[in-house]
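First up is the structure itself, then whatever we jot down about it.
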């Protein structure tokens, strides 16, 4: 393992030497991380670059085209001012306490000032760390492409998420179920702190470190909690509410995370750690996208309850800082009101309902029931529904259902509800709420197979579509069609 002092001593300046590094997480002290340099990869090459996000970060456009950037974002050359480190955390995995975990294949380069505010830059797949356990610390090309595209797809959908700046690849072999090639994702976020960070210090009975971490998070991200009667209970409530809104967004768009362990839950309510995720094709509330999840713990329809379970674990971890259990339980209660309200609001928007009326919940529930009974393609149904009042009429939507009588009964109920709503207002609301493009598994798989042959054009095409998923993108309808039959055989697991 290479150490930080081995690689930072005599490196030349790069085009990004002017970056303003603040590295506040490193200020928490050595008990929170281990400092080390990334492990280089031979002959790296670009797989995908997110130039739009580079501009948002205030990076010089030409830099993301440079050899310096390629080397730095593969972990082969340090960026001046960066302070690479791997964080330690613990967590519950599939409902079982797993003990110490940590950044086993990710290195935080540090935190920079940007037009978006302070952003951490992290390399995923940058080599073994003290927390890799039996792993090699590497990421493979297929999983790196999936994370790169999906994090940007979620951002395009308006769902809180970590972001991805680029993917670099190398022909260095990596063993998973078979021999694959290595890749590194550069991802960004205001913070990568997870519920598991708090669990780590709580379970180790280290109240000083637990308090320092909570104070850091409050100071940086939840300053309004400082003045609360119980600041740490207020923190728990704020995190619960952010998580509730994120979960409502997931459910509304048909997103399955696949591995909602407490170490994969962001303290900022961001979607984090894209592994065995999936956007639903046919609507199946009990769908389990992760083949490693043999008990179906993280099925689509169980995700909201699993998020609350994870928040309960966070509350348990914070108890040493909260005066009494009642305050912690009261803070968690907010999830139970914010989530259903947020989900109902999103579903009303998908139906084109600008205001709330009695009976809307029953309409929404009956819509889900109808979709499930007919196994209707989730994304296509909602997008076609946007055109209900156009010349194409009801038939494109009706054609999705084999039970026409049930659809007709639902359509009558829906038509009565939307009758007083201005059609132009409804259409505009629906087109902004129902994406035409999502990252279906088969689209990701096609891009991956082409990338293995060094053809990255579909990665670029998908990135452009997913960054603006509500737009029509004329000529690209093939990316918005039904999945092919072979898509059902795609298996994704925790190694994805």
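Each reported figure results from applying straightforward, stated rules to the coordinates on display, with no laboratory input. Predicted model only: the values in this text are computed from it and were never measured. All Cβ positions, even for glycine, are placed from backbone atoms using ideal geometry, and neighbour counts span all protein chains on display.
What the table below lists for this structure:
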| quantity | calculated |
| --- | --- |
| C-alpha long axis of helix 360-374 to longest principal axis of the chain, angle in ° | 90 degrees |
| Between 0 and 90°, nearest 10: helix 303-318 axis offset from the chain longest Cα axis | 40 degrees |
| Cα shape, the stretch 103-209, gyration tensor, a/c 1.5 rule | oblate |
| Computed Kirkwood radius, in angstrom, where 1/r is averaged over Cα pairs of the stretch 344-496 | 17.2 Å |
| Volume of the Cα convex hull of the stretch 196-348, divided per residue and given in Å³ | 114 Å³ |
| Structure-based [θ]222 nm, the chain - -39500 (n - 2.57) summed over DSSP H runs of at least 4, per residue, nearest 500 | -12500 deg cm²/dmol |
| Rule-of-thumb Rg ratio for the stretch 4-192 [Cα; 2.2 N^0.38 Å; N residues] | 0.98 |
| Cα-based equivalent ellipsoid of the chain: semi-axis lengths in Å, sorted from largest, via gyration tensor | 38, 29, 20 |
| Nearest 10 degrees, 0 to 90: helix 404-418 Cα axis against the chain principal axis | 80 degrees |
| Percent RCO, i.e. relative contact order, over the chain, from Cα pairs under 8 Å lying at least 6 residues apart | 15 percent |
| At 0.692 mPa s and 37 °C, Stokes diffusion of the stretch 180-261 via Kirkwood alpha-carbon radius, µm² per second | 218 µm²/s |
| Exposure proxy order (Cβ contacts within 10 Å, fewest to most) of 63, 250 | 63, 250 |
| Computed Rg/Rh of the stretch 277-363, alpha carbon atoms with Kirkwood Rh | 1.07 |
| Ascending count of other beta-carbon atoms within 10 Å, so fewest first, for 138, 176 | 176, 138 |
| Cα gyration tensor category, rounded, prolate or oblate, for the stretch 251-300 with a/c compared to 1.5 | oblate |
| Alpha-carbon centroid distance for the pair the stretch 119-185 / the stretch 387-438, whole angstrom | 39 Å |
| Shape metrics for the stretch 403-456, restricted to C-alpha atoms - Rg then Dmax, Å | 19.3, 55 |
| Relative contact order (%) - criterion: Cα under 8 Å, at least six apart; region: the stretch 357-431 | 35 percent |
| Order of 22, 376, 259, 239 under a 10 Å beta carbon neighbour criterion, fewest first | 22, 376, 259, 239 |
| Mean Cβ neighbour count within 10 Å, used as a protection proxy, ranking 381-388, 328-335, 144-151 highest first | 144-151, 381-388, 328-335 |
| Volume per residue that the Cα convex hull of the stretch 357-431 spans, once the total is divided by residue count, Å³ | 89 Å³ |
